[in-house]
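These notes are about the structure you will find just below.
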Amino acid sequence: MKRTIQVSKQKAFNSLLDLDAANHWMQGLVRMERLDDGPMKAGSEWKETRKMFGKEATEHFEVVEFNEPEKIVLRCDGTKGTTGKGEFIFTYRITSSGEYSEITLDGEIKGLTGLTKLFGKLMAGTFKKACAKDLDALKDYLEK
């Protein structure tokens, strides 16, 4: 999915990894817990807790690729979180034209088997809608 936002490429890039500001736009966010120190980079990790379907769910995220200000790849290791299974890869690409930036998000779900694989296919639409809502909320927050 893609969203065009009226901010610089650098601001769009920085906003995707600004854990302290995520509560202003990320739906259902309860808390973020950084697991390392210093500036964000490849290898940075955190736990993200959101309220989903009336319950808290915590997932473990890691920055696996950091190419400032054009690309961020995040990996959510489902085995370390509430999901208990799978691997979720989020690839953000940022391009710009003048005062506008375009954020493209590609998501991938790996490592599900059996019933969880079937359930994962059924939930793909819900997953995509949730990601779209997050990008829309980020756009609204940044363009204020």
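The values are calculated or read from the model by the stated rules, or taken from the named source; none is laboratory data. All values derive from a computational prediction rather than experimental measurement. Positions of Cβ are generated from backbone atoms using ideal geometry, with glycine treated the same way; all protein chains shown enter the neighbour counts. Side chains are part of the model used for accessible areas, which takes the heavy atoms of the whole protein and leaves out ligands, DNA and RNA. Shrake-Rupley method; radii C 1.70, N 1.55, O 1.52, S 1.80 Å.
Scanning the stretch 57-115 for residues that are open to solvent by 60 Å² or more (accessible area, probe 1.4 Å) and among the polar types (S, T, N, Q) gives 67, 79, 82, 83, 95, 96, 97, 113.
Return the total of residues in the stretch 2-29 being among the hydrophobic types (A, V, I, L, M, F, W, C) and loosely packed, with under 14 Cβ neighbours inside 10 Å. Please lay out each step first, then the result.
First, the residues of the stretch 2-29 that are among the hydrophobic types (A, V, I, L, M, F, W, C): 5, 7, 12-13, 16-17, 19, 21-22, 25-26, 29.
Filter once more, keeping what is loosely packed, with under 14 Cβ neighbours inside 10 Å: none.
Total satisfying the criteria: 0.
Assuming residue 47 fulfils every condition listed in (1) modelled with pLDDT under 95; (2) assigned to a strand (DSSP E or B); (3) under 24 Å from residue 23 (Cα atoms) apart from one, which condition is it? Evaluating residue 47 over (1) modelled with pLDDT under 95; (2) assigned to a strand (DSSP E or B); (3) under 24 Å from residue 23 (Cα atoms) leaves (1) as the failure. Only residues that are in contact (Cβ under 8 Å) with a residue 40 or more places away in the chain and either in a helix (DSSP H, G or I) or more than 15 Å from the chain's Cα centre (by Cα) (or both) were counted in the stretch 15-44, giving 3. The set of residues in the stretch 30-56 being charged (D, E, K, R) and open to solvent by 60 Å² or more (accessible area, probe 1.4 Å) consists of 31, 33, 34, 37, 41, 47, 51, 55, 56.
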